[in-house]
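Taking it in order: structure first as structure tokens, then the write-up.
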Amino acid sequence: MKKVFMLIGLIIPFIVKAQLPDYESYPVYEGTDLGLTYSPQQSSFRIWSPAAEKVQLLIYAEGLGGTAIDSAEMNKSDSGTWTDTLQGDHKGKFYVFRALVNGNWMSEVPDPY
């Protein structure tokens, strides 16, 4: 029985490593404009998500709960980034992103930048 546990312990790291993405192959974004760039005329968003197939920007009136009052599909851009620009003044609104990865929509996440 002890040998079985030892064998499992040796095999698991190889199985887990085989399921992880190859992070070394991801592009590096060198820009300084990740996150939100706000002005009263427009709000521009850029996030880095190289594994995403699609990315959505969701706008909320409240910080917790409720339903999105607006959404937009973001555009694939340079070095694994996604962008979108909303016209008009969006001051005081809340936003999150969600990404489609391997055919599954991931949970909504706040801006990490």
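The values are calculated or read from the model by the stated rules, or taken from the named source; none is laboratory data. Remember, predicted model here, so these are calculated numbers, not experimental data. No Cβ is skipped: glycine too gets one built from the backbone with ideal geometry, and neighbour counts run over all protein chains shown. Accessible surface areas use protein heavy atoms only, side chains included; no ligands, DNA or RNA. Shrake-Rupley method; radii C 1.70, N 1.55, O 1.52, S 1.80 Å.
Mind ranking 96, 55, 28 by accessible surface for me, highest first, 1.4 Å probe?
28, 96, 55
Once you sort the root eigenvalues of the Cα gyration tensor of the stretch 24-113 as a ≥ b ≥ c, which label holds: rounded (a/c under 1.5), prolate (a/b larger than b/c) or oblate (the other case)?
In terms of gyration-tensor shape, oblate.
Please give the net charge around residue 74, taking every other residue with its beta carbon less than 15 angstrom from that of residue 74, where Lys and Arg add +1 and Asp and Glu add -1. Please report the intermediate quantities before stating the final value.
Values: positive: 46, 54, 76, 98; negative: 33, 53, 70, 73, 78, 84, 108, 111.
Value of the local net charge: -4.
At 1.4 Å probe size, put 71, 43 in order of accessible surface, largest to smallest.
Working: 71 70, 43 5 Å².
Heavy-atom accessible area, descending, gives 71, 43.
Express the C-alpha Rg of the stretch 68-113 as a ratio against the empirical globular expectation 2.2 N^0.38 Å, rounded to two decimals.
1.26
What residues qualify as long-range amide H neighbours of residue 101, i.e. H under 5 Å apart, gap of 5 or more or another chain, H built at 1.01 Å from N?
When sequence neighbours closer than 5 places are left aside, the close amide H contacts are 53, 106.
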